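The values are calculated or read from the model by the stated rules, or taken from the named source; none is laboratory data. Just so it is clear, the structure is predicted and the values come from calculations on it, not from any experiment. With ideal geometry, Cβ positions are generated from the backbone for all residues, glycine too; neighbour counts draw on all protein chains shown. Remember, those area values only see protein heavy atoms, side chains included, never the ligands or the DNA or RNA. Shrake-Rupley method; radii C 1.70, N 1.55, O 1.52, S 1.80 Å.
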Amino acid sequence: MIFPTASLTPRPIRLNDRIRNWAWRSMHGEYGDDAMRHMSVSLDDIEGFDQLPEIDRQDIAIRRIAENAPLRICEEELLCGAATLGSGIRHYGLATYHGVSTYECRSHLTLKLDKVVREGLDAYKADITARLTDPALTDEQRRMVLSLDNAIEAIRIWHTRYLEATRIARPDMHAVLQQVPFGPATTYREAMQTIWFIFAFTRLCGNWPGIGRLDWLAGSYLENDLAAGRITMEEARDIMASFFIKGCEWIQSDTPQKTGDAQHYQNLVLGGLDEECREVTCSLTYLALEVVEELGISDYPITVRLNENSPEKLLRKIAEVMRHGGGIVAIYNEPLILRSLEREGYSKLEALNFANDGCWEIQMPGRTNFSYSPFDGLQILNEVLGLNSDGPAPDFPDAESLYQAYLTELSKVIDGLYKKRIADVYELREGRWRAIQPVKPTSVISLFMDGCLEKAQFYDDLGPDYTLRSPHIGGAPDVANSLHAIQQLVYVEKKLTLPQLVEILRRNWEGEEVLRQYVRTKYAYYGNDDDVADLWHSRLLNDFADIVHKCAENRAHPVKFVPGVSTFGRQIDWLPNRTATAFGYRKGDILSGNDSPTPGTDCAGATAMIKSHCKADLVRQSCGAALDVKILPATLSGENGVDALMGLMRGFLALDGFFLQLDAVDVKTLLEARERPQDYKTLSVRVSGWNARFVTLNREWQDMIIERNAQARGV
């Protein structure tokens, strides 16, 4: 068994052959293929089901899933519970009535798992019982609370089935299930079993939740067990490996090529400070990193919260994992994010608990309903320049006038998003803020969200403590590069007028190859630590953040409206509506991803790229701003490579970066994988907030990854 690596340094071997073989089988589709043989459960036998109230239909469906979904117990596993219905992989249709899915699923959320670990589901049952005694509850609210109770009973049914299945076959797991998840965890294994069981049931019902701060959730249990001699580090590692390997249960041996097969939002966050500003990093942190270092499992993208006092040992371990490629580990700049969250009105105590939405956008785990609205910032500039029309080309006296016209149109887009996502969606009704239109019941999700029980309102009905809507600007580096080229070419060098340039771009640079190569090579663009070029990028992000915040200020509304910077691969979807650019790219060229330089424009290396990114006041981008850095694996060999990666991370923190995704992969390997996919089944690449096995990407997405990595420079 060989787990691929981009590094000349081989992956370490710490786990025994039995567990490594199990990992290999799981990563090559054994369990995903099995799930596809059991797509959903049927409700066709329930007469009049389609006439029942929607909340009743949901409760019945969840119970039927708990009663009938196939159980799976692997010989090697140390944690049990499995999302065995194939429709979960597709995010819909887990329970059907005459072939139609009966309820909706949710993603981009992270559950509240600390209470269930520390108190158990019986504590939730007690809270629900107490809530039902409130005479002020309306009939609608009472029915919602009862639905949460029904969700607990569905979990109990599933749990009872596993108790019975393990009684003889696996007495060790049976003993663990006697305690959790209904009682509080008392050991490391019980804590990990609780986390996995609740996560797996949520996925079994079709949802794609993030897991959040794993070492904060379970680290103290491991430390206590180690100190008491109840467990060895080797035994603890086997449990952690079981957790990661089971997370591969949706991999299929033959996945249709689209945008990748590992984007189920089951992200982990490690490290950082707790509520008392103590470092969370512990033995569990290193165990998690060691498992992915050995097995290369990419299905749990990991982000580590780093600060100026993060242990040197932690940075080294992160670097050792990064050099193997796959983009499995990314980093947050914790101090900057804490400042950003406090700026948005969160208390310091709340901010210290931040995690992500199962991708990388920032939120309060277990307390937030989150969604984002990506838009193409470059397309706005195209409209201002009239590049998609055949009318008279616009003219502006200087680059500043052009930029102000751009900001005017950008403000209109942001105002439109606020209206569409907030103002037209929620209203103050009978003293409570509610969704204007009826919402879908989401009992399993709402059960693990603070605020839903207290308000007796579902996840999509402003139930959680926070509802967050975030416009995300895409193509910001391309806009900055365009403005920089126009400023230099038209207003500084005066080689041609703006209307003349517009006509050239409308013709896709046809007949102007000399000029096109001039603008491609003459100017330094964003990503090369050039102050003139980077200023456009910094201004754009800062002004975008100001527009978003001004849009929401002075409005008595409970929904937060916060800015972020991303594309999540949408630069491919946006291609048909994009034109040639002023900085020398033709229509159809793939441009910048997230807040990373446009492919082909970054020529000064990773350090310069980070410096350019960090010149913006990223504390204003409270939802997040992602920088992707691709590095040639050959530059990361030996201790020098590890030291170089550690230096990049320290620099990113010192310069006030926000979120950094580092990946090491050789273009030659990617090209070989495209030609011989059967030999590269587990080759992982970082796409954006998720990882994907390269061979499961379609041709366009593979081209994007190859082109992006072709520009990778040494540290």
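So which residues in region 102-141 are polar (S, T, N, Q) and either modelled with pLDDT under 95 or farther than 18 Å from ARG203 by Cα (or both), if there are any at all?
THR102, SER107, THR129, THR133, THR138, GLN141 - these are the residues of region 102-141 that are polar (S, T, N, Q) and either modelled with pLDDT under 95 or farther than 18 Å from ARG203 by Cα (or both).
Could you check ALA634 against (1) under 19 Å from TYR418 (Cα atoms); (2) assigned to a helix (DSSP H, G or I); (3) in contact with a Leu (Cβ under 8 Å, 6 or more places away or on another chain) and say which number it fails?
Answer for ALA634: the failing condition is (1).
If you take the residues in region 648-668 that are more than 24 Å from ASN307 (Cβ to Cβ) and open to solvent by 40 Å² or more (accessible area, probe 1.4 Å), which one is modelled with the highest pLDDT?
LYS668
Kindly check whether there is at least one residue in region 379-397 that is open to solvent by 20 Å² or more (accessible area, probe 1.4 Å) and under 24 Å from the mean Cα position of the chain (by Cα).
no
Here's the yes/no breakdown for (1) among the hydroxyl-bearing types (Ser, Thr, Tyr); (2) in contact with a Cys (Cβ under 7 Å, 6 or more places away or on another chain); (3) open to solvent by 10 Å² or more (accessible area, probe 1.4 Å):
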site: ALA175; (1), (2), (3): no, no, yes
site: ALA200; (1), (2), (3): no, no, no
site: GLY206; (1), (2), (3): no, yes, no
site: PRO209; (1), (2), (3): no, no, no
site: ASP215; (1), (2), (3): no, yes, no
site: TYR221; (1), (2), (3): yes, no, yes
site: MET233; (1), (2), (3): no, no, yes
site: ILE251; (1), (2), (3): no, no, no
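Quick one: in region 489-505, of everything that is touching a Leu at 6+ places or on another chain (Cβ under 9 Å) and either of a type in the set (A, V, I, L, M) or crowded, with 19+ Cβ neighbours inside 10 Å (or both), which residue is nearest to LEU385 (Cα to Cα)?
Ranking the qualifying residues of region 489-505, first place goes to VAL502.
For residues that are within 18 Å of ALA288 (Cβ to Cβ) and part of a helix (DSSP H, G or I), tally how many sit in region 201-214.
Counting residues in region 201-214 that are within 18 Å of ALA288 (Cβ to Cβ) and part of a helix (DSSP H, G or I) gives 1.
Just give me the residues in region 465-484 being surrounded by fewer than 24 Cβ atoms within 10 Å (Cβ to Cβ), over 17 Å from the mean Cα position of the chain (by Cα) and not in a loop (DSSP other than H, G, I, E, B), in sequence order.
Correct list: TYR466 only.
Looking only at residues in region 268-318 that are of a type in the set (Val, Ile, Thr) and assigned to a helix (DSSP H, G or I), which one is farthest from LEU655 (Cα to Cα)?
VAL291
Look through GLU279, GLU342, GLU350 and report the one residue that is without any contact (Cβ under 8 Å) to a residue 40 or more places away in the chain, open to solvent by 10 Å² or more (accessible area, probe 1.4 Å) and within 15 Å of ASP215 (Cβ to Cβ).
GLU279
Quick grid of which residues meet (1) open to solvent by 50 Å² or more (accessible area, probe 1.4 Å); (2) within 19 Å of the chain's Cα centre (by Cα); (3) among the hydrophobic types (A, V, I, L, M, F, W, C):
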| site | (1), (2), (3) |
| --- | --- |
| SER612 | no, no, no |
| LEU627 | no, yes, yes |
| TYR680 | no, no, no |
| ILE706 | no, no, yes |
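So which residues in region 570-585 are open to solvent by 50 Å² or more (accessible area, probe 1.4 Å) and farther than 21 Å from ILE706 by Cα?
Answer for region 570-585, where residues must be open to solvent by 50 Å² or more (accessible area, probe 1.4 Å) and farther than 21 Å from ILE706 by Cα: just ASN577.
Consider ASP415 carefully, then state whether it is among the charged types (D, E, K, R), open to solvent by 20 Å² or more (accessible area, probe 1.4 Å), part of a loop (DSSP other than H, G, I, E, B) and touching a residue at least 12 places away in the same chain (Cβ under 8 Å).
So ASP415 does not fit the description; no.
So if I check each of GLY588, GLY593, which one is among the small types (Gly, Ala, Ser), open to solvent by 40 Å² or more (accessible area, probe 1.4 Å) and part of a loop (DSSP other than H, G, I, E, B)?
GLY588
Could you tell me which residue of region 428-464 is most open to solvent (accessible area, probe 1.4 Å), considering only residues that are in a strand (DSSP E or B) and not charged (D, E, K, R)?
Only one residue fits best here, namely LEU428.
Quick one: which helices (runs of 4 or more DSSP H) lie wholly within region 1-96 and hold at least 1 residues that are in contact with a Leu (Cβ under 8 Å, 6 or more places away or on another chain) and under 30 Å from MET233 (Cβ atoms)?
In region 1-96, the matching helices (runs of 4 or more DSSP H) lie at 17-27.
In region 561-577, what count of residues is obtained for those that are at pLDDT below 95 and in contact with a strand residue (DSSP E or B) (Cβ under 8 Å, 6 or more places away or on another chain)?
Looking only at that region, the number is 8.
Listed here are the residues, each with its yes/no results for (1) touching a residue at least 12 places away in the same chain (Cβ under 8 Å); (2) in contact with a Gly (Cβ under 9 Å, 6 or more places away or on another chain); (3) open to solvent by 50 Å² or more (accessible area, probe 1.4 Å).
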residue: LEU535; (1), (2), (3): yes, no, yes
residue: LEU541; (1), (2), (3): yes, no, no
residue: PHE544; (1), (2), (3): yes, yes, no
residue: CYS551; (1), (2), (3): yes, no, no
residue: ASN554; (1), (2), (3): no, no, yes
residue: HIS557; (1), (2), (3): yes, no, no
residue: VAL562; (1), (2), (3): yes, no, no
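If you take the residues in region 320-340 that are assigned to a helix (DSSP H, G or I) and charged (D, E, K, R), which one is farthest from VAL304 (Cα to Cα)?
Per the criteria, the residue is ARG339.
Let me confirm something: among ASP530, ASP534, ASP573, ASP546, which residue is on the phi < 0 side of the Ramachandran plot and within 24 Å of the chain's Cα centre (by Cα)?
Result of the check over ASP530, ASP534, ASP573, ASP546: ASP573.
Find all pairs meeting these conditions: Cβ atoms under 7 angstrom apart; at least six residues apart or on different chains; first residue within region 180-200 and assigned to a loop (DSSP other than H, G, I, E, B); second residue among the small types (Gly, Ala, Ser).
The qualifying pairs are VAL180/GLY120; PRO181/GLY120; PHE182/GLY120; GLY183/GLY120; PRO184/GLY120; ALA185/ALA191.
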